[in-house]
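Some notes on the structure that comes next.
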Amino acid sequence: MLQSISACRIIVIMDTAERKRLDRERRAEFILDKAESLVFERGFQATTMDDIARESGYTKRSVYLYFSDRDEVFLALTLRGQRLLFSALGEATRDAKKPSARASTIRAFGTAFYRFSLAHPGYFDLIMAYEAKRHAYSRGRIDGDTLAAACQNISVEYGSLLSDALARDIAVGRLRSGMDARQTMMLLWGQMFGVMQILLMRRDGFTEVYGISPVEFFERFLDQLERAYLA
């Protein structure tokens, strides 16, 4: 009898703890949703913790219970975007591996990357800022259950995703022999990021000024990459 009562108490305690954990996660996600709306509308630099507290209906002190500072908000939002990007790039590289695939890894990866930038410009801006200022390329994967570690590691993962796909293409003769997959990955990463950043910065009136649509321009860019890298 006593054992049954003790077991029931343990279950109740566990259920209560689980509910508290889920409630905390839901509140954190709610606050992050509100922060995301502000950041996508104004930009991250123009968004303060006061703004986030006001938008979410919490006190500033309460917001700090879930995010210790603006940097944690930045990393949490960046991680959301990184996960979407990783999923899109993973699907593209899997499709490029199929025997029936017509597109090269370079074109499949580039197209997925560009479509992501159009579909999620707010996330793309955050990822660009993260890659430029926060990602530690010399460190690789890092241990720890923190937002900084999660962002670092998923960035490493989608770099590995592309370099592994390029290594396969080199091995089967689709890319020029003698190329180094990781070095080629970094070249492609930089080239694609740079071109997409220019297209986003100059999207207003781009066609009128340059006589070509952004989509057509990016397709020509991919044509040039394939001429440079394909066997």
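Data for the structure
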item	result
Yes/no for TYR123 being surrounded by 15 or more Cβ atoms within 10 Å (Cβ to Cβ), assigned by TED's automatic domain parsing to the domain that holds LEU188 and modelled with pLDDT under 95	no
Any hit, segment 181-203, residues being in contact (Cβ under 8 Å) with a residue 24 or more places away in the chain and either acidic (Asp, Glu) or touching a strand residue (DSSP E or B) at 6+ places or on another chain (Cβ under 8 Å) (or both)	yes
Positions within segment 40-62 being out of contact with any Phe, Trp or Tyr (no Cβ under 9 Å at 6 or more places or on another chain) and either in the same structural domain as ALA108 (by TED's automatic domain parsing) or in contact (Cβ under 8 Å) with a residue 60 or more places away in the chain (or both), in sequence order	GLY43
Unmet criterion (only one of (1) in contact (Cβ under 8 Å) with a residue 40 or more places away in the chain; (2) part of a loop (DSSP other than H, G, I, E, B)) for GLY140	(1)
Residue satisfying condition, being surrounded by 14 or more Cβ atoms within 10 Å (Cβ to Cβ), in contact (Cβ under 8 Å) with a residue 40 or more places away in the chain and more than 30 Å from ARG176 (Cβ to Cβ), within set LEU84, LEU79	LEU79
Enumeration of residues in segment 144-158 that are small (Gly, Ala, Ser) and surrounded by 18 or more Cβ atoms within 10 Å (Cβ to Cβ)	ALA150, SER155
Residue satisfying all of: in segment 145-180; over 19 Å from the mean Cα position of the chain (by Cα) and in a loop (DSSP other than H, G, I, E, B); nearest to ASP71 (Cα to Cα) among these	ASP180
Answer from ARG94, ARG107, ARG115 - the residue that is part of a helix (DSSP H, G or I), modelled with pLDDT under 90, surrounded by 13 or more Cβ atoms within 10 Å (Cβ to Cβ) and assigned by TED's automatic domain parsing to the domain that holds MET192	ARG94
Complete set of residues in segment 66-75 that are closer than 11 Å to ILE31 by Cα and in a helix (DSSP H, G or I)	TYR66, VAL73
Meets criteria (closer than 23 Å to PHE86 by Cα and aromatic (Phe, Trp, Tyr)) for PHE218	yes
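The values are calculated or read from the model by the stated rules, or taken from the named source; none is laboratory data. Treat the numbers as computed from the prediction; the structure is a model and nothing was measured. Heads up, the Cβs are rebuilt from the backbone with ideal geometry, glycines too, and the neighbour counts pull from every protein chain shown.
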